[in-house]
Amino acid sequence: MVKKVLFAASEVYPFAKTGGLADVAYSLPRALKNICDISVVMPLYSNIDKEKYEITSLGESFTVLMGGEKYPIQLYGSKAQGYENVFIYSPILCDRESLYGTPESGYHDNGLRFALFSYAIHALLKKKHYDIVHLNDWQCALAALLIHKDSVLSPKVIYTIHNLAYQGIFEADILESIGIDHSYFTMGSLEFYGKINFMKAGIAYAHEVTTVSPTYAKEILTSEFGCGLEGFLLFHQAKLSGIINGIDSDHFSPQKDTALIAAYNDAKGKKPNKSDLLKKLKLKGVNKPLFVFVGRFTHQKGVDILIEALPKIANLDCNIVLLGEGENRYHEACDLLMAKHKNIHLTFGFDEQFAHQIYAASDFLLMPSLFEPCGLNQMIAFAYGTLPIVHHVGGLVDTVKRLETYQPDSCWGYGLVFNSATSRALLNAVKKGYEIFEDKKHFERIVNHNMRCDFSWAKSAIAYRALYEK
Ligand code: ADP
């Protein structure tokens, strides 16, 4: 029988995106829509373009009672993606400049906002039957607890951890305002070193817990990567598994990408895109290797290591392009570097189209992440014929094979892999890349091989399907 699934996430491409969660919440339901009846629910943030995405009112509104306060909710919907998208609108949740606030602190009432999102998900489950509810990250984790304590509702709950570093931790006095009884303030439930941890609700009360790569599923059971939840995860280990993310092969396709000046399907086809980008950024030397970084400027992404290594990388005969937004201290450090080195170009901000142009133009993608639950950038890089240079950690272990082990008939993507999260190790890997780049034929052979590999959801959708069946 076809399962009815409600897939909940705080961001979904193309409506709202700050990172990989949005890509996954867009592409996984697309990959699953032929094998189950899937609806995706997210907040209707005020800057989402309703007209563009054909989002209309469903004519339903109700009130959520949370912690003695009444919160108005309106439901919106769109079928423009080929399946049902449901949007939750409530002023406190949605009327903001950005999704979560600044990377340094976030909005002061994020706990309340996303508790309300969980209550709204719970209300949807009351209105309509779903066999499975698939919750993602801390922003909707509390819904697992609300379902657990509801004596009438009985959907199976899957909870996916996209990044354990963001757990939704709030002061203990939030309990009252989110209408959760003090009996849940225990180690086995929401309590976390005297505070409240939303992610614990997802882990404790879901029937299955997944994370986004097999390696990360193992790493988070250790104190090095467990962010304080390793013991709790070990306790719930029997229901924990790792399923690697995929990328949407239409959205990330150099053959179909409308953001590019020239579509292409092999290494040679990249050149017009590279020339165009360099010209736009006033950089010189289309034959020099182009190293890029696209991502959040946070400690996690190895930005400290990158900043330390950049002056030495810039001394090589190459160009460097960085695109990202995040913590101010990184912005300032990168600004200084750009002022000093004419071959470094930095763009602050979030720009989907520009990111695609960078992937298409570049020769190497730098990913010195200290930890990486899965990482999509390296898979996007493969698709666009860009060689990833990655730290051997998390999902990067599962997706990037060492170039030294290259086998032409394999279905693996190859890149330069370094073992320790240091600027020296990154620099050495970059130098190796630089040498390989000189051997044009070999370089193109690897690039063409990577471009032919399959990083779509095909395999992982089967794994999720099996989980849904279970
Ligand atoms: P994260 O930890 O940020 O979720 P992922 O590798 O899983 O990292 O996914 C990052 C996604 O966000 C990719 O699609 C990447 O291209 C995109 N991205 C990251 N930063 C930017 C940016 N500044 N502008 C445009 N796209 C970005």
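FYI, it's all coordinate maths here, none of it is from the lab. As the structure is a computational prediction, the values presented were derived from the model and not from experiment. Please note: Cβ atoms are built from the backbone with ideal geometry, for glycine as well, and neighbour counts cover all protein chains shown.
Please give the length that would be gained between ALA262 and PHE62 if that part of the chain were fully extended, namely 0.36 nm times their separation in residues minus their C-alpha to C-alpha distance (nm, one decimal).
Additional length available on full extension: 67.1 nm.
Cα atoms only: what Rg and Dmax, in Å, come out for the stretch 407-470?
16.7, 51
Looking at the square roots a ≥ b ≥ c of the eigenvalues of the Cα gyration tensor of the stretch 358-429, which shape do they give, rounded for a/c under 1.5, prolate if a/b is larger than b/c, or oblate?
It comes out rounded by the Cα gyration axes.
Take the alpha carbon atoms of the stretch 290-354, find their center, do the same for the stretch 104-130, and report the distance between the two centers in whole angstrom.
The distance from the Cα centre of the stretch 290-354 to that of the stretch 104-130 comes to 35 Å.
GluC sites (Glu not before Pro), restricted to the stretch 424-460: which are DSSP loop and have at most 14 other Cβ atoms within 10 Å?
Answer in residue order: no site qualifies.
Suppose R0 equals 51 Å. What FRET efficiency, 1/(1 + (r/R0)^6) with r the Cβ-Cβ distance, do LYS149 and HIS299 give to the nearest 0.05?
0.90
For the ranges 363-376, 8-21, what's the packing order if you count other beta-carbon atoms within 10 Å of each residue, average per peptide, and put the highest first?
Highest-to-lowest ranking by the protection proxy: 363-376, 8-21.
I need the shape label for the stretch 113-244. Rule: rounded when a/c is under 1.5, else prolate if a/b > b/c, else oblate, with a, b, c from the alpha carbon gyration tensor.
Judged from the Cα gyration tensor, the stretch 113-244 comes out oblate (a/c at least 1.5, b/c at or above a/b).
In degrees between 0 and 90, to the nearest 10, how far off the longest principal axis of the chain does helix 440-452 point, with axes built from Cα atoms?
The angle comes out near 20 degrees.
What residues have an amide H closer than 5 Å to that of VAL321, excluding those fewer than 5 places away on the same chain, when H is modeled at 1.01 Å from N in the peptide plane?
Those qualifying (amide H under 5 Å, at least 5 residues apart or on another chain) are PHE291, VAL292, PHE293, HIS345.
Whole-Hz Karplus ³J(HN,Hα) for the stretch 36-49, in order, using 6.51 cos²θ - 1.76 cosθ + 1.60 and θ = phi - 60°, x for Gly and Pro?
The phi angles translate into 8, 8, 10, 10, 10, 10, 8, x, 8, 4, 5, 8, 6, 7 Hz.
Based only on Cα atoms, what Rg/Rh ratio does the stretch 1-91 have, Rh being taken as Kirkwood's radius?
For the stretch 1-91, the value is 0.99.
Modelling each spin label as a point 7 Å along the Cα-to-Cβ direction, I'd like the LYS4/THR102 distance in nm, to one decimal.
4.5 nm
I want the antiparallel fraction of DSSP beta bridges within the chain, as a percent rounded to 5.
Bridges in the chain are about 25 percent antiparallel.
Using alpha carbons only, how many degrees (0 to 90, rounded to 10) separate the axis of helix 458-469 from the longest principal axis of the chain?
The angle comes out at about 20 degrees.
Only Cα pairs under 8 Å and at least 6 apart count here; give the relative contact order of the stretch 127-228 as a rounded whole percent.
RCO, the stretch 127-228: 32 percent.
Quick check: from the Cα gyration tensor, does the stretch 243-317 come out rounded (a/c under 1.5), prolate or oblate?
Oblate.
Efficiency by 1/(1 + (r/R0)^6): what FRET value for GLU327 and THR422, r their Cβ-Cβ distance, R0 = 22 Å, to the nearest 0.05?
Here the calculated transfer efficiency is 0.60.
Fewest Cβ neighbours within 10 Å first, please rank ASP398, ASP150, ASP409 accordingly.
ASP409, ASP150, ASP398
Determine the distance separating the Cα centre of the stretch 1-73 from the Cα centre of the stretch 266-281; give it in Å without decimals.
Taking the Cα centre of each part, the stretch 1-73 and the stretch 266-281 sit 36 Å apart.
Just rank SER189, SER98, fewest to most, by other beta-carbon atoms within 10 angstrom.
Fewest-to-most Cβ neighbours within 10 Å comes out as SER98, SER189.
Taking the simple approach of a point 7 Å from Cα along Cα-to-Cβ for both GLU404 and ASP181, what is their distance in nm?
Label at GLU404, label at ASP181, 5.9 nm between them.
What value, in deg cm²/dmol to 500, does the helix sum -39500 (n - 2.57) over DSSP H runs of n ≥ 4 give at 222 nm once divided by the residues of the chain?
My calculation for the chain gives -10000 deg cm²/dmol from helical runs alone.
With charges set only on the Cβ (+1 for Lys and Arg, -1 for Asp and Glu), what does the dipole of the stretch 267-452 come to about its Cα centre, in debye to the nearest 20?
660 debye
What's the percent breakdown of Cα-Cα distances in the stretch 1-49 across 5 Å bins, shortest bin first?
5, 23, 29, 21, 13, 7, 2, 0
Any number yet on Rg/Rh for the stretch 116-163, C-alpha, Kirkwood?
Value, to two decimals: 0.93.
Roughly what angle does helix 352-361 make with the longest principal axis of the chain, taking Cα atoms, 0 to 90 degrees, to the nearest 10?
That works out to roughly 30 degrees.
Just for the Cα atoms in the stretch 230-365, what are the lengths along the principal axes, largest first, rounded to whole Å?
So the three principal-axis extents are 55, 37, 24 Å.
Which value, in debye to the nearest 20, gives the size of the charge dipole of the chain about its Cα centre, when Lys and Arg are +1 and Asp and Glu are -1 at the Cβ?
That gives the chain a dipole magnitude of about 1260 debye.
Between the stretch 434-449 and the stretch 228-265, what's the alpha-carbon centroid distance in Å?
Their Cα centres are 26 Å away from one another.
Can you check what the Kirkwood hydrodynamic radius comes to for the stretch 267-452, Cα pairs only, in Å to one decimal?
16.1 Å
Report the dimensions of the chain along its three principal axes from the alpha-carbon atoms, largest first, rounded to Å.
66, 43, 40
Pop the C-beta distance of GLU51 and LYS459 into the FRET formula with R0 = 45 Å and round what comes out to the nearest 0.05.
The computed FRET efficiency comes out at 0.75.
Taking 0.36 nm per intervening residue step and subtracting the Cα-Cα distance, what contour gain separates ASP335 from GLU352 on full extension?
4.0 nm
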